[in-house]
Amino acid sequence: MKTEIIYHPTEADLIRGAALLRDGGLVALPTETVYGLGVNGLSAEATRKVYAAKGRPSDNPLIIHLASAEDAGQYCEVNSAFKKLAERFMPGPITVILPKKSCIPDSVTGGLPTVAVRVPSHPIAHRLIELAGIPIAAPSANLSGKPSTTLVEHVIEDMNGRIDMIIDGGPCTIGLESTIVVPNGETIQLLRPGAVTVEMLKEAGFSVQMDKAVTERLSEGERPLAPGMKYRHYAPNAQVTLLRGSSEQIAAYLRPFWGEKDTALLCCMEDEAANAPNAFLLGSRGDPAGQASRLFDLLRGFDHRPEIRRVFAVMPSADGIGLAMMNRMLKAAGYRVVELEK
Ligand code: TXA
Ligand code: MG
């Protein structure tokens, strides 16, 4: 398949992209979180193609993307908690799970009675969905098992030749996938942490219950509430190990690996290891949002350096967007953590 790549899209390009989507085509589009691989969310046939393009198991449901939260009632049963979340956080990086209506095909929800709904704030995503006039089902635009794509170059690397069109929108500002929640009255179940943080949900008046899969490896037979959380994800080919301890302990642990060609030290510029020739910098400790926006690009970059066989990374703190970083890094590491603190 020939993939059309559109840099700096014009309105006319978006009109063409929207027509392609309505006709069942596959169009990668930028959002504020990560790039998405969009298809017509009302077409069972189109949504089946998306699983094939990603190499993704079809029991892993898709998020439908809407131009406005007010459209949600056409596709799912909205409740007062959804309205409150929508008012506070939409458009933006949050996905809400609600009971689905029958117009949403089972191929979107992997057979579940619920559907995931999100209203992206990125102007290109917004305009494309508005022009298409249909809900756009979109998983992250990466090959299954690889980190999500946050630059158009990543999308081209994974999807060129597999889909109809790739629309450039520059780097994704957040760089981690949306927060996924299930509203149950005043209680919110957190299935996947993201840029709408636990602190923000609490401030909006909800109590937050975290799914175990956010911070822990599930044992054989245990099922996460978001089916996608069970897959090894976000992982480069190199073996990733997370280090938890004081900055002195981490510095001492990493010193023997300085300059080792097969080892990458993923750290912040304040860490001692940042001075090593094999350091890869996430940014400043004081700028967790900046770190989050660079994580997937750095993880993907390791796959372009086959000499790198292992990566050591410092465990981020669990507050704010740090929880989302921690969740993605734990998965990249297959939950391999060295505890340096006694
Ligand atoms: O930021 C994002 O959410 C990006 C952009 C493109 O919007 N999309 C994204 O989609 O991350 P994807 O398919 O890579 O991840 C969707 C996650 C999966 O873990 C899936 O299992 C979960 O959402 N999910 C979807 N529908 C669900 C449902 N009805 N119940 C529980 N989890 C659901
Ligand atoms: Mg994904």
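Go through VAL78, VAL27, VAL96, VAL39 for me and flag whichever is within 16 Å of ligand 2 (Cβ to nearest atom), buried (at least 19 other Cβ atoms within 10 Å of the Cβ), at pLDDT 95 or above and not small (Gly, Ala, Ser).
VAL39
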When the range 18-65 is examined, which residues are found to be of a type in the set (Lys, Arg) and over 29 Å from ARG223 (Cα atoms)? ARG22
Counting just the residues of the range 130-171 that are at pLDDT below 95 and within 16 Å of LYS49 (Cα to Cα), which one comes out farthest from ligand 1 (Cβ to nearest atom)? LEU143
Consider VAL240 carefully, then state whether it is in contact with a strand residue (DSSP E or B) (Cβ under 9 Å, 6 or more places away or on another chain) and either within 17 Å of GLY322 (Cα to Cα) or not β-branched (Val, Ile, Thr) (or both). no
Anything in the range 174-189 that is more than 12 Å from ligand 1 (Cβ to nearest atom) and surrounded by 16 or more Cβ atoms within 10 Å (Cβ to Cβ)? List them, or say none. PRO183, ILE188
The listed residue being farther than 20 Å from THR3 by Cα, within 14 Å of ligand 2 (Cβ to nearest atom) and of a type outside the set (D, E, K, R), out of GLY175, GLY185: GLY175
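Out of all the residues in the range 68-88, is one or more within 27 Å of ALA195 (Cα to Cα), hydrophobic (A, V, I, L, M, F, W, C) and in contact with a Ser or Thr (Cβ under 7 Å, 6 or more places away or on another chain)? Don't jump to the end; show me each part of the working.
The initial filter retains those residues of the range 68-88 that are within 27 Å of ALA195 (Cα to Cα), namely 68-88.
With the extra rule that they be hydrophobic (A, V, I, L, M, F, W, C), the set shrinks to 69, 72, 76, 78, 81-82, 85-86.
Going one step further and asking which of them are in contact with a Ser or Thr (Cβ under 7 Å, 6 or more places away or on another chain), we end up with none.
Among the residues of the range 68-88, not one is within 27 Å of ALA195 (Cα to Cα), hydrophobic (A, V, I, L, M, F, W, C) and in contact with a Ser or Thr (Cβ under 7 Å, 6 or more places away or on another chain), which makes the answer no.
So that you can scan it fast, the table gives a plain yes or no per residue for (1) of a type outside the set (S, T, N, Q); (2) on the phi < 0 side of the Ramachandran plot; (3) assigned to a loop (DSSP other than H, G, I, E, B); (4) touching an Asp or Glu at 6+ places or on another chain (Cβ under 6 Å):
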residue: LEU37; (1), (2), (3), (4): yes, yes, no, no
residue: LEU42; (1), (2), (3), (4): yes, yes, yes, no
residue: VAL78; (1), (2), (3), (4): yes, yes, yes, no
residue: GLY92; (1), (2), (3), (4): yes, no, yes, no
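Just for the range 60-71: of the residues that are outside any loop (DSSP other than H, G, I, E, B), touching a helix residue (DSSP H, G or I) at 6+ places or on another chain (Cβ under 7 Å) and of a type outside the set (Val, Ile, Thr), which one is nearest to ALA324 (Cα to Cα)?
Taking the range 60-71 and keeping what is outside any loop (DSSP other than H, G, I, E, B), we get 63-65, 69-71.
Now narrow it down to the ones that are touching a helix residue (DSSP H, G or I) at 6+ places or on another chain (Cβ under 7 Å): 64-65, 69.
Restricting the remaining residues to those that are of a type outside the set (Val, Ile, Thr) gives 65, 69.
On the way: HIS65: 21, ALA69: 24 Å.
Per the stated criteria, the residue is HIS65.
Within the group PRO224, PRO193, which residue is within 22 Å of the chain's Cα centre (by Cα), under 29 Å from GLY55 (Cβ atoms), touching a residue at least 40 places away in the same chain (Cβ under 8 Å) and within 13 Å of ligand 1 (Cβ to nearest atom)? Reasoning before the result, please.
Working: PRO224 fails: touching a residue at least 40 places away in the same chain (Cβ under 8 Å).
From the options PRO224, PRO193, the qualifying one is PRO193.
Given the residues ILE97, ILE104, ILE15, which is the only one that is within 14 Å of ligand 1 (Cβ to nearest atom), among the β-branched types (Val, Ile, Thr) and outside any loop (DSSP other than H, G, I, E, B)? Outline the logic, then answer.
Working: ILE104 fails: outside any loop (DSSP other than H, G, I, E, B); ILE15 fails: within 14 Å of ligand 1 (Cβ to nearest atom).
Matching residue, one of ILE97, ILE104, ILE15: ILE97.
Any idea which residue in the range 196-221 is nearest to VAL337 (Cα to Cα), counting only those that are of a type in the set (Lys, Arg) and free of Cβ contacts under 8 Å to residues at least 60 places away in the same chain?
Residues of the range 196-221 that are of a type in the set (Lys, Arg), as a first pass: 202, 212, 217.
Within this subset, residues satisfying the condition of being free of Cβ contacts under 8 Å to residues at least 60 places away in the same chain are 202, 212.
On the way: LYS202: 29, LYS212: 17 Å.
The residue in question is LYS212.
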Selection over the range 280-334 where residues are basic (Lys, Arg) and assigned to a strand (DSSP E or B) yields a count of 1
Residues ARG56, ARG88, ARG127, ARG48: which one is at pLDDT below 95, part of a helix (DSSP H, G or I) and basic (Lys, Arg)? ARG48
On the basis of being within 16 Å of ligand 1 (Cβ to nearest atom), among the basic types (Lys, Arg) and under 25 Å from SER293 (Cβ atoms), does LYS54 make the cut? yes
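Restricting attention to the range 97-120, does a residue exist that is small (Gly, Ala, Ser), more than 21 Å from LEU66 (Cβ to Cβ) and over 15 Å from the mean Cα position of the chain (by Cα)?
Quick first cut of the range 97-120, residues small (Gly, Ala, Ser) only: 102, 107, 110-111, 116.
Now restrict to residues that are more than 21 Å from LEU66 (Cβ to Cβ): 111.
Filter again for over 15 Å from the mean Cα position of the chain (by Cα), leaving 111.
Taking every residue of the range 97-120 in turn, at least one turns out to be small (Gly, Ala, Ser), more than 21 Å from LEU66 (Cβ to Cβ) and over 15 Å from the mean Cα position of the chain (by Cα).
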Considering the range 60-74, residues that are away from ligand 2 (no atom under 14 Å from the Cβ) and surrounded by fewer than 22 Cβ atoms within 10 Å (Cβ to Cβ), and then whichever is nearest to THR95 (Cα to Cα), we arrive at ALA69
Of the criteria (1) under 21 Å from the mean Cα position of the chain (by Cα); (2) closer than 21 Å to LEU112 by Cβ; (3) among the hydroxyl-bearing types (Ser, Thr, Tyr), which one SER68 fails: (2)
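The values are calculated or read from the model by the stated rules, or taken from the named source; none is laboratory data. Bear in mind the structure is a predicted one, so any value in this text is a computation, not a measurement. Reconstructed Cβ throughout: ideal geometry from the backbone, glycine too, with neighbour counts over all protein chains shown.
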